[in-house]
Each structure stands twice: as C-alpha cells, then as structure tokens.
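Readers should treat all values here as calculations from the given coordinates under stated rules, not as data from a laboratory. Predicted model, so just to flag it, every value in this text is computed and none were measured. Backbone-built Cβ (ideal geometry, glycine too); neighbour counts: all protein chains shown.
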Amino acid sequence: MTAPGAAAGALRSGIVGRDTLRRLFSGRNLIVVAVIAIVFYIALVPLGFLLWETFVQDGQLTLERFREAYSAIGLTSMAANSLAFAAGSSAIAMTLGTLLAYLIVRTDVPFKPLMFAASLVPLIIPGILHTIAWIFLASPEIGVINLHVIQPLTGRSFDVFTLPGMMLVEGLHLAPLVFLLMVASFRSMDPSLEESAIMSGAPLSTVFRRVTIPLARPALYAAVLIMAVRTLESFEVPAIIGLQGGVWVFTSRIWHVLKDKPPSYGQAGAYSMSLLLLTSVGIYLHSRLAKRSRSYQTVTGKGFRPRPVHLGVWRWPATLLILLYFVVAVVLPLAILLYASTQRFYSPPTRATLSDMSLDSYRDVIHSDLAVTAVRNSTVLGLGSATAVMLLMAIASWIVVRTRLPGRWMIDNVSFMPLAIPGLVLGVGILFVYLRVPGVHLYNTLWIMFMAYLTRYMPYGMRYASTSMFQIGRELEESALTSGAGWFQSFRRVVVPLLMPGLIAGWIYILIVSVRELSSTIILYSPGKETLSILIWEMNQNGEFPQLAALGTMMVGALIVLVTLAYKLGARIGIREA
Amino acid sequence: MLRITNLVKSFGASRGEKRKRVFAVEDISLEVDEGQLFTLLGPSGCGKTTTLRCVAGLETPDSGEIAVADRVLFSSEKRIRVPANERGLGMVFQSYAIWPHMNVFKNVAFPLQVLPRRKRPSSKGIKERVERVLGVVRLDHLASRQATDLSGGQQQRLALARALVMEPPLLLLDEPLSNLDAKLRDEMRFELKRLQRELGITGVYVTHDQVEALAMSNRVAVMRDGKIEQVGAPREVYERPISRFVADFIGTSNFIDGSIERREGSDYIVKTPDGPLRVHADADFAVGAPVVVAARPEHIELTVGENGTAPNHWQGRVEARAFLGEVVDHVVSVGSREIRARCNSKVSIPPETDVAVAFHEEAFSLIPAGE
C-alpha cells in the first residue's frame, strides 16, 4: 500500500468526500489564503516596481539609469563615504556596546541599573531628535561641548559636520542595540565552560581570550552585520549632519534626487538598488550565521548566576566609563533639548539665557494646527499599523508554525525580507507602485504611509508572534479540537489568549517605532499628511529650534510613558505565561 | 466499539524529498469492545501515538477505515473524513494540555461551551455537568483555582475531567501518566482503572510502560515498527509471547537458542548447547526446527550446591548479584552463557558460589527462531 505522494498538506487532508468543496472554501482557508496573499503583496510588489522602474525604460531592459546615476559628480566619494560611515559608526557602536555589556554582565562594576536605563535611549529619543541635539552639542560654532569643554582645553573645536562627527553621533545612537545583543549573549553563556578552563589551570586573561571571546563570537558577528545594515540605511544623521558638511552617502543622495524638480525616479531607483544589494548581503549573511550558530548555542535553559569577575584596580576606570557614557548618551542630549525648548531664539546656554526662560514655545506648539494634525496623523498611523501588523502576523505565524502547508517556510522568509530594505528604498518602491498603478489613489492619503509601515514592521511583528507561537504547545490547540471546538473557536479562545503577551509586546514596540519613522515617510508624505517626525524635520529646515525642541520634549515624554507601560505590561503578563 | 481496518499512515521525510516516506503505521487492524480498556504498547517510534492521533482525527491516515460505535469517522474508500472537532471523542494528552489562561472550571466547561447552539446545554446545565465530573475526579473543591496552580496529579485529573465531560463514546489516552513521578504514577494508575471500570468507559491507552499496560488494560496490543506484533489479554501476552521482541519488551527474558529434539505430548524437548530443556507449547514445531526459549528470570530457582542434571535443571556459578529491595537479581554463568535469575529477597547467594539452576515450567515460552 502506498501513500498518495504528491498531494500533500491541506489538500491531502481533503482525502476527500462529498463536502470537499465546502471544506476547501471554509472560513479558515479563506483567511489563510488572504493572509498569505497580503504578506506576499506587501513584501514583493514594491520591490518588483523598484526593479521595473530601474531596469526598464520604454519597455526595454536597460542599464541607462545606472549610467546616469553613477556618472554624476562625486559618485566614487559617495560610495566610499557610505562604506566609511557604516564601518566607522559600526565600530564605535560595537566597541562601546560590547565593552559595556561585558562590564555589566560579567564584572562587579557599580551603577548597573543606570546602564540598562541608558539602553532604552534609542527607543525614547528618536534618531532625528538625537541628531539635532548633537548639532547643538558639537557644532563648531554653537556646540555646547565645544564652547565649554574642548575649546578651553585645546583651543580648537570638534567639527560634527564631518565624517568622523557623523560616525560618532550614529555610533552613540546604535551602541545600546549592540549592548542589548551582547548582554543576551554574555548572559546565556554557561559559566561552567569558563570555570572548567580555570580549573584546567588557565589564568583569567587566557580564559577570556581562549574561551569567552570564541563563545561570544557568533553573537559578535551577528551584531556586526546588524550594525552594518542599520548604518548603511541610516537616514537622519546623513541627511541632517552630512548634507550640512557636504558629506554624501546613498541615503541622502536618494532623498536629494527625489527632491529635484523634476524628481529623477530612475536615478533614485538605481541608488536604491545598489543600497538594497549591500543590505541584502548583510541580512543574508546574518541569517546564514544564525542557522549555523545554532550548533554553537550555549543556552541550556538553566538559570545561570555567573560569578562576577573582580576588576580590582580597573573598577574605577570602568565606573568612570559607564558614568561618562550615561552623561554623553542620555543626559546631554535630553538636557540640551529641554534647554532649547525654553528659549525664544536658540543661542548657546549662558548665564543670561539660563535666567531668561519661558514656556512660550510649548504654547506655540500646542496652539499650532500643524502640530495637532501631526499628532493625529502619527497616532492614527501608529495604532493602525501596530494593530494590523500584529493581527496579520498572528495568523501568518500560525500558518508557519502549526500547519503542514507545503511552502509555508516561504511565508516566513518573505515576511522577513523587508528587514533588508532600507526605509528610504521601501518608500521609493511604494511610491512607484502607487504612482504607476492607475485607478488606485493612495497618494495624498495616510494609506500610502500605512502600507509602508505595514511592510517595514512586518518582520518585527512576525518575530514577536512566532516566538510566542513556538511557546504554545501544539497539544493545547489539539485538545481544543478534540474538545469539539472548530478552527475559529480554538484560534479565538485558546491560541489568541495565549499569544496575547507576545502580541501586546509587539504591538507596543511597533507603536513606538512607527511614531518615530522618518525615512519612508519623508518620501511618501504630502502636505496635510505630516507626521510628528516630519514636522520636526520641517521645523529643523525652517530653523524653528525652540518649537522643535518643545515638540521633541513632549514626544520624548510620551515615548517614556509608552516604554514604561510596555515594560510594566510585559512583566505583569509575563508571570502568567508559565 | 472501535474498529480500525487496514490503517496506513506515512510521513514525508522532509521538505523536498518526496520519494522518501516514513511509514509510521503500516496496515493496522484492531477492534475494541465496549467497556474495555485497550492498550497500544511499544517502544517510541513504533506508531502507537500516530494510531491514536488518527483515531482522534489529528492526523489524516493515508488509507484504511476507522469507525466508532458503527459511525465511520474515516474511510479512504468511502471518502469520509470527519474533522477532529466533530468526532466527539475525549482525549487526554501526554502534557495534559491544560489551558493556562483558564481556571479549572473553564477548562472543563470548554467542550460544552463550544457545542453548536442547538446542542449546547444552558449555562446552568453546563455548571451542573462540570461540577459532576469534577466531583468524579475529586477536584470539585478547586473549581475556581487557576489551572496552572494545580499539582501534576491534579492537572492529570483535570485533563481527564475535560475529556469526560462530553461523555464521549471513546476515551483516548496518550501516555497520560508519563509526566508524573513514580509514586504518583502508581496512585493514578489505580485511580484511572477504578474510574474506567466504574464509569464503564471504553478507552484506548497508549504507553511505552509495560507495567502500566499490564496493570490497566483488558487487552494489550504490542506494536513494533508500525505493525501490531501481538494482541491479547495482559497475562497471555506476558506468559505466551509469540516473538522474541514481545518477550524482550514486556518484562525481562533469558533467550536460549536451540532446536527441537522431539515432541512428548504437548511438551517439546529442546536441545541447547548447555543441556536439554523441556518446554510446553501450544503451537506446532517440527523436529529439528531452530527455536528460541525465552525464560522469565522470576521463575528460575537457585539453590546452593548440585542437583543432578535432569531436564530443566542446570549447573552454574553465581557471577554477580544485585539487591533491588523486593527481589535479588543474580547473574549465573551456565556453560558459555549467562542466565539472569530473580529470587525473592530471602535468597541471596554470594558470587563465586556453585548453584543448581532450576527452570520452572511456567518460566518458558517457545518462539520460532528468527522472529
């Protein structure tokens, strides 16, 4: 007796009968098909249009766009800048993040909670505010650090509007991400591996070199690749600091050619494709690494309490480093924003300006129609995209984790693809879709940005949902089935409630990041459809610094509330997860 | 009550390899009578759980037929496949699958609440039925407790209550005791057996634990590589294993190779390198046929000294002994082989002692060689 070989999965289970048709078009299957279609659509269609727009001209395959794009003046220096910027800021972020993570997890330094608070900074200070704050801190003429620290000490200024300046600002913003990645890696390391090296007679330095670092290597490589992708696609620092200093990179170039009159879509496409190629290589290497390093995993599920390394005389320099990092990365940017928001016209803090503070700029912002519109747009977009992404991904992750649908792994891969697409490139792709497809009028509406957010945050939603889905035993769902519940009932009454902690965590994360989204939005917004980050961008262009600072301060306040809520909620729900 | 006919279930080996299929269940047929507890026993990977999941509707068989109480649930021939949620069977999972986001009452009420509206009892009716079944499994005092706060044994009983609340015609149990510690497992074994007998439940029980299978079932099917090796009452399977696999899997056996020398009535004289054995067997064996004699260690008696060399009496020397509490295991070398003998705890013979080894009649079963 042989099995029906080819007919697999859902079709196989229809080993069929009078009601095959009824079952084929059941609510469950319709939902599954719809979700798969949406995932493929939002991940692939913008890319398709990007390819078409870049390589096809008048129905002919052509490389003309590339020739145009790459014959522009200063192209070699742009590519070199891009790579140098990525390498430099990654290096700064990696060094800072790894060092701090090691100190916090494996040594006896004080002030550990301070560092964990600092690690939340990228979540609560949007990149655009971080970048602008650093202009106030380190520009050669008005930078507070230059005026009060560097000039008195050296007689010269540090110029933030240079490649090293850009690297520093970007590196500082990304260091917490490396910190969190490396903390996870150091924590999951079985201390008995190091202890057995010590018992074999190796001195501490040898243990560090021969055991600790090799064990952390997969995590280090992974972090490097993530940094490379993030810095290549970074937009805020290149556009705000880089343009002022004449340092061009891919992202600022794409934005620039689209702002031309008329916009050169083909060139934007050509630059986008180049950038996409670079980031895709990074993401591809990262996923290969992740697969390979599974055999390398040191996580055994046991709770470790690693014995902290006693730093001895090095304890004080280490403490100083942590305090310095906290001041530079957290206190200074927030303080300068707060200060700027109290001034009528921005000038560097002096005794006079400090004694003459007002809340006028807050009043201006609250009474400005533009600000009200921006808050409303950001809220609608944030809530809408967070809800839509989590709903879609709850079902998509169910398909991937639970069903035996042939090709379900493709849904998984496709839903992660947008990770490799820089926000700006995605914006360009989506722009092409809705400019070119006749009859669909999404441009000039919030919908076009909603589509972008849906795409950009799909990978994160998938990760949150599928992580929780893996934690729910298959039997919990099967027992609902054998108890007589249909698919929809068991999904609603068993799967979704159990997924809830993960879904809520993902929902809040997406809400937080979508409120700060700039790089896709800046391609897609139209007058009247500004979001908060766009408004801050425009205020920066117009030099309305006090109002910008006031709006930024309020935004940071709101984000602090959201992040705190997320952590509280996560902790509370987390307990019942057992 | 349950009738399975020519059940086949295979799995694709892995993505991309269409040709490689692993047969988890290969042509199984069996029947379970009403009120009986039927056990599928076998090592992991033998297909017992797959068989159970096919009955539950959680797996779709490749071919065959499954019917419960004359209702066909699956038939490849008649093209019938009733979905799991419409089969109305009760199932207890190995991990219990207690829903952690519901309390005890809600867990048990769930199967009633998801009934189609016309069949669903009123909320008062649901409450009554849930309370009754919680009473049966002695959890009535914990109804409002969060399910995750229960102990292992209580979760076990909760899973049972949830499976029973529908009063299903057939109860499916997938290694329900394997997550409990030894002491609790003993208790629950009796508890389950008592409930099954008192409520007249028909059940299919899957386990890899031979003690559980022997203690609880009316009938046992020993499975191996997707096929049923032997079906019978526990005592029958234990005392008359028809193959070396069954004899080895259920209990421990000494296997002694030999060949039939002659027949004496219903007894056979088996020639072995270490002396003749007289073995009773119902089956027919030709003179000269190669056979294996399986000898249960608990029916082998050791006495210090010599005892002549009558059939079923060998001479040996104790090599090692192990005190196991209720019994003492001895390893005795006889000629070229080692025989394991299990004596009651009063008999404990030090190593290096010459002993007489007496096989009792009931120690033996005769198995054709090569199976």
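Based only on the alpha carbon positions, what is the Kirkwood hydrodynamic radius of segment B:285-371, in angstrom?
13.6 Å
With point charges of +1 on the Cβ of Lys and Arg and -1 on the Cβ of Asp and Glu, referenced to the Cα centre of segment A:446-578, which listed residue (A:Gln471, A:Tyr525, A:Ile512) lies farthest in the positive direction of the dipole?
A:Gln471
With unit charges on the beta carbon (Lys/Arg positive, Asp/Glu negative), name the residue among A:Phe250, B:Leu115, A:Ala239 whose Cα is farthest towards the positive pole of the charge dipole of the protein assembly as shown.
Ranked along the dipole, the leading option is A:Ala239.
Amide H of B:Ile80 versus every other amide H placed in the peptide plane: which residues, excluding those fewer than 5 positions away on the same chain, fall under 5 Å?
B:Ser75
What is the dipole size for the protein assembly as shown, taken about its Cα centre, with +1 at each Lys and Arg Cβ and -1 at each Asp and Glu Cβ, in debye to the nearest 20?
Dipole about the Cα centre, nearest 20: 1960 debye.
Please work out the Kirkwood hydrodynamic radius for chain A, using every pair of different C-alpha atoms, and report it in angstroms with one decimal place.
This gives a value of 26.1 Å.
Quick one: what do you get for segment B:2-244 if you divide its Cα Rg by 2.2 N^0.38 Å?
Working: Rg = 18.3 Å, N = 243, 2.2 N^0.38 = 17.7 Å.
Dividing the Cα Rg of segment B:2-244 by 2.2 N^0.38 Å gives 1.03.
Cα centroids of segment A:204-266 and segment A:508-526: how far apart, whole angstrom?
The two parts, judged by their Cα centres, are 19 Å apart.
So for segment A:353-498, what percent of the C-alpha to C-alpha distances run longer than 22 Å?
Everything past 22 Å amounts to 58 percent.
Taking Cα pairs under 8 Å and at least six residues apart, what relative contact order does segment B:269-368 come out at, in percent?
Relative CO of segment B:269-368 lands at 38 percent.
How big is the charge dipole of segment B:269-368 about its Cα centre, in debye rounded to the nearest 20, if each Lys and Arg gets +1 on its Cβ and each Asp and Glu gets -1 on its Cβ?
With Lys and Arg at +1 and Asp and Glu at -1, about 100 debye.
Short version: what are the Cα gyration tensor semi-axes of segment A:64-114, square root of 5 times each eigenvalue, largest first, in whole Å? Present the calculation step by step, with values, prior to reporting the outcome.
Numbers: eigenvalues 367, 13, 10 Å².
Output for segment A:64-114: semi-axes of 43, 8, 7 Å.
Report the one residue of A:Val178, A:Val327, A:Thr403 whose Cα lies farthest in the direction of the positive end of the charge dipole of chain A (charges on C-beta: Lys and Arg +1, Asp and Glu -1; origin at the Cα centre).
Comparing the listed Cα positions along the dipole, A:Thr403 ranks first.
Can you tell me the Rg and Dmax of segment A:433-578, counting just the alpha carbons, in angstroms?
Rg and Dmax of segment A:433-578, Cα atoms, are 20.2, 66 Å.
Answer rounded, prolate or oblate for segment B:223-371, using the Cα gyration tensor with square roots of eigenvalues a ≥ b ≥ c: rounded when a/c is under 1.5, else prolate when a/b is larger than b/c, else oblate.
It is oblate, given that a/c is not under 1.5 and a/b is not larger than b/c.
Could you derive backbone 3J(HN,Hα) for segment A:316-327 from the dihedral phi with the Karplus parameters 6.51, -1.76 and 1.60 (θ = phi - 60°), listing whole Hz in sequence and x where the residue is Gly or Pro?
In residue order, the calculated couplings are 6, x, 5, 4, 4, 4, 5, 4, 4, 4, 4, 5 Hz.
Kindly provide the trypsin sites (Lys or Arg not before Pro) of segment A:41-135 that DSSP labels as loop, not H, G, I, E or B, and whose Cβ sees at most 13 other Cβ atoms within 10 Å.
none
Convert each backbone phi in segment B:37-53 into a coupling constant with the Karplus relation 6.51 cos²θ - 1.76 cosθ + 1.60 (shift: θ = phi - 60°), then list the ³J(HN,Hα) values in order as whole Hz, x for Gly and Pro.
Running phi through 6.51 cos²θ - 1.76 cosθ + 1.60 with θ = phi - 60° gives 9, 10, 10, 9, 10, x, x, 5, x, 8, x, 5, 5, 4, 4, 4, 5 Hz.
Using +1 on the beta carbon of Lys and Arg, -1 on that of Asp and Glu, and nothing else charged, what's the dipole of segment B:2-244 about the Cα centre, debye to 20? Write out the running numbers ahead of the final one.
On the way: 39 positive and 30 negative charges, 170 e Å.
My answer is approximately 820 debye.
For B:83-90, what's the mean count of beta carbons from other chains sitting within 10 Å of each residue's beta carbon?
Values: counts 6, 9, 10, 3, 3, 3, 3, 3.
Mean inter-chain Cβ contacts per residue within 10 Å come to 5.
Just to check I understand the Karplus step: with θ = phi - 60° and J = 6.51 cos²θ - 1.76 cosθ + 1.60, what whole-Hz values come out for segment A:176-187, glycine and proline as x?
For segment A:176-187, the Karplus-derived couplings read x, 5, 4, 3, 5, 4, 6, 4, 4, 5, 5, 5 Hz, x marking Gly and Pro.
May I ask you to order A:32-38, A:230-236 by the average number of other C-beta atoms within 10 Å around their residues, highest value first?
Ranked from most to least packed, the peptides come out as A:230-236, A:32-38.
Enter the mean number of other protein chain beta carbons within 10 Å of the beta carbon of each residue in A:497-506, as an integer.
Counting other chains' Cβ atoms within 10 Å and averaging over A:497-506 gives 1.
Show the residues, 5+ positions off or on another chain, whose built amide H is closer than 5 Å to the amide H of B:Leu37.
Under 5 Å from the amide H of B:Leu37: B:Gly203, B:Asn218, B:Arg219.
Mind checking B:69-81 for the average number of partner chain beta-carbons within 10 Å of each residue's beta-carbon?
Numbers: counts 0, 0, 0, 0, 0, 2, 2, 4, 0, 2, 7, 5, 8.
Mean partner-chain Cβ count within 10 Å for B:69-81: 2.
Which trypsin sites (Lys or Arg not before Pro) in segment B:277-371 pass both tests, a DSSP loop state and at most 16 other beta-carbon atoms within 10 Å? Intermediate values should be presented prior to the final figure.
On the way: sites: B:Arg278, B:Arg317, B:Arg321, B:Arg337, B:Arg340, B:Arg342, B:Lys346; in loops: B:Lys346.
Here the trypsin sites (Lys or Arg not before Pro) that fit, given the DSSP loop and packing criteria, are B:Lys346.
Can you give me the relative contact order of chain A as a percent, contacts being Cα pairs under 8 Å and 6 or more apart?
21 percent
Mean separation of Cα pairs under 8 Å and 6+ residues apart, divided by the residue count of chain B: what relative contact order is that in percent?
15 percent
Peptides A:356-364, B:202-210: what's the order by average Cβ count within 10 Å, highest mean first?
Going from most to least packed, we get B:202-210, A:356-364.
List the residues, sorted by chain then number, that are 5 or more residues from B:Gln94 or on another chain and whose placed amide H is less than 5 Å from its amide H.
B:Asp174
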